[in-house]
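Read the structure below first, then the notes.
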Amino acid sequence: MNAHLTHAVVIRDLSRSFKGKTVLDHISLDIPAGQFVALLGESGSGKTTLLRALAGLDDDAESKGHYSRPDNVSVLFQDSRLLPWKTVIDNVKLGLRRPDARAAAEAMLADVGLGDKATAWPSTLSGGQKQRASLARSLLRAPALLLADEPFGALDALTRLRMQALLMRLVEHQRPTIILVTHDVDEALLLADRILVLKDGHIAEDHAVSLAHPRHQHQTELSLLRARLLASLGVEAGNL
Ligand SMILES: Nc1ncnc2c1ncn2[C@@H]1O[C@H](COP(=O)(O)OP(=O)(O)OP(=O)(O)O)[C@@H](O)[C@H]1O
């Protein structure tokens, strides 16, 4: 849409309900191209529903309002969604119509540290390796918008840290607009340019995080925002 050239995502008065139950409640939001947005919120606040709405999923929902976003979107889920009957490289280049698809997939696998797993079957990979393959599949499409729904939520803490660093390194080159749904306040603080808190289907808080990368959990600005976000999410930092 010409009116929104500088914004990758424009949402106006978006509401969604399922069987009469309102889940998204008049959401309006502008996201500049290249911004990394983290979406926090208590369980059931509507995070996944917002992401799915932008992905064009959930056709059974009653929707009002509208949004615009780039056509070139990749979605990254908590489970890697690799097809078990295809090798890792065939999963990564699935549906890609480029003459150099195989070479590009090989290069992307090397980038995510899976250069030696191209011909492996998904069932032989660890959880972290599967998510790496899934990330490679998403980024190989050079998406203008990456929608990620807790992509590292099922990984152990150390693997999660590695994946966060890998994501930051890879998106540094491509600079897609990113919306990351996460339960992990520190993940949001370490990665995002902007943190939104959803509450009962509306955006209750909108924080800019302007600190340079790489960030460290103990930086004062992050500590202050962490305490505030934890309080918003109903967690008292002093009790942790
Ligand atoms: N397809 C659907 N049909 C009926 N209800 C739905 C559907 N999708 C979501 N909901 C309801 O919408 C509400 C918000 O769900 P959503 O998954 O968006 O929340 P969330 O913030 O992502 O939660 P969580 O952090 O637990 O994943 C929930 O009450 C859920 O039951």
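The values are calculated or read from the model by the stated rules, or taken from the named source; none is laboratory data. Every value quoted in this text rests on a predicted model; they were computed, and no experiment measured them. FYI the Cβ positions are ideal-geometry reconstructions off the backbone, even for glycines, and counts take in every protein chain you see.
Residue by residue, here is whether (1) surrounded by 14 or more Cβ atoms within 10 Å (Cβ to Cβ); (2) outside the structural domain of LYS47 (by TED's automatic domain parsing); (3) more than 21 Å from ASP184 (Cβ to Cβ) holds:
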| site | (1), (2), (3) |
| --- | --- |
| VAL92 | yes, yes, yes |
| ALA103 | no, yes, yes |
| ALA107 | no, yes, yes |
| ASP111 | yes, yes, yes |
| THR124 | no, yes, yes |
| ARG132 | yes, yes, no |
| ALA154 | yes, no, no |
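Screening THR177, THR159, THR182 for residues that are surrounded by 16 or more Cβ atoms within 10 Å (Cβ to Cβ), farther than 26 Å from ALA8 by Cβ and among the β-branched types (Val, Ile, Thr) leaves exactly one candidate, THR159. In summary, HIS183 fulfils each of the numbered conditions (1) assigned to a loop (DSSP other than H, G, I, E, B); (2) over 17 Å from the mean Cα position of the chain (by Cα) with the single exception of condition (2). Taking residues in the range 38-50 that are in contact (Cβ under 8 Å) with a residue 12 or more places away in the chain and more than 18 Å from HIS207 (Cα to Cα), and partners anywhere that are in a loop (DSSP other than H, G, I, E, B) and more than 7 Å from the ligand (Cβ to nearest atom), the pairs with Cβ atoms closer than 6 Å and at least 6 places apart or on different chains are GLY46/GLY201. Just one of the listed residues (LEU167, LEU189, LEU135, LEU222) is at pLDDT 95 or above, of a type in the set (A, V, I, L, M, F, W, C) and either more than 15 Å from the ligand (Cβ to nearest atom) or under 20 Å from SER45 (Cβ atoms) (or both), namely LEU189.
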